[in-house]
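Asks: Quick one: this structure, given as structure tokens, is what I'll be asking you about.
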Amino acid sequence: MSLHKLGVLVLLLILTRCTAAKDNEVVVVWPSTGPATLRATFGRFRETSSYSGQHDYTEDVTVENVSSKNIPFASFTVYLLDKGKVRIADTILQIKDLGPGQQVKEPLHFHATGTAASINLVARSDASGVPTSLKNITLKIISIPAGASLRIDGQEVGMTPYSANLRVGSHTLEFSKQGYATGSTPLEVAADELPGGSITFELGGLSKDTVELRDGTVLLCDVLSMSMAQITVRVAGQDQTYDRNRVKKIMFVEREIIQQPVVTQPETK
């Protein structure tokens, strides 16, 4: 999908209507409706040269990610307009790898055929008109075996297989299923990812017994012995004994019993 086709979401910034952070600064929150993603603070226009109606301007813009998600890429076309709302110059503003709460300062340069009076900020989007930083991709998340509890970015969402709408950027998938080792994997959703794809994660079998205590502690161990009063386990090479009243649940792994060959001593003469 092309990232250079102009989308239909247009944010018109007229200097007299914008919020002034302080003298000669203008603050724009984008998008103009719904939860905010970016806050752009435009500095004062500085005219660097002028000749026969041609003007060169420069200014600094500070962009802050005010969302809770990483923004891998966002692109805007910044237009200068004169008092008649006629475009007299344009430049590109691109944001890359901006984490939640992070800021980046970018210089902007314009060569204009008139005197600037306002700014028009247009989100550059994919072919469907959705800004890249807000785009969601549908992916099917599969586990082997199925029926694992799934957490996405720390939030429990359901059981696998699961159809998720994931925003472009980095995510973490976590899987858990009784009888199997918990596992996680990072997932990077690209802006040009096609919907309808899938990701498969295979859970590993446990090689240790699992003992869950009533206080919520989970021990991956080898159960050595158990009686009506106590249980003895080996954790990281150390033997530990617990009162049976502290134990909530025990899950044993299947082990192969290897028969050792019978050693026959040679007869002595």
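The values are calculated or read from the model by the stated rules, or taken from the named source; none is laboratory data. Treat the numbers as computed from the prediction; the structure is a model and nothing was measured. Cβ atoms come from the backbone with ideal geometry, glycine included; neighbour counts cover every protein chain shown. In case anyone asks, the SASA skips ligands and DNA or RNA and just uses the protein heavy atoms, side chains included. Shrake-Rupley method; radii C 1.70, N 1.55, O 1.52, S 1.80 Å.
Asks: For the stretch 67-117, with all protein chains present and a 1.4 Å probe, just round the carbon and sulfur fraction of the accessible area to a whole percent. Each step should come with its number before you reach the end.
Replies: Values: 1270 of 2670 Å².
The C+S portion of the solvent-accessible surface of the stretch 67-117 is 48 percent.
Asks: Translational diffusion coefficient, Stokes-Einstein: compute it for the stretch 56-215 using the Kirkwood radius over C-alpha pairs as Rh, at 20 °C and 1.002 mPa s, and state it as an integer in µm² s⁻¹.
Replies: The diffusion coefficient I find is 113 µm²/s.
Asks: In terms of modelled amide H atoms, which long-range or inter-chain residues lie less than 5 Å from the amide H of L98?
Replies: Hits under the 5 Å cutoff: I71.
Asks: Filter the cross-link list K69/K140; K177/K248; K69/K105; K96/K177; K177/K208; K208/K249 down to pairs whose alpha-carbon distance in this structure exceeds 26 Å.
Replies: Too far apart for the 26 Å limit: K96/K177.
Asks: In nm, to one decimal, how far is the modelled label at T182 from the one at S227, with both set 7 Å along Cα→Cβ?
Replies: Spacing of the two 7 Å Cα→Cβ label points: 3.3 nm.
Asks: Also, quick follow-up: In whole angstrom, how far apart do the alpha carbon centroids of the stretch 71-107 and the stretch 153-198 sit?
Replies: 32 Å
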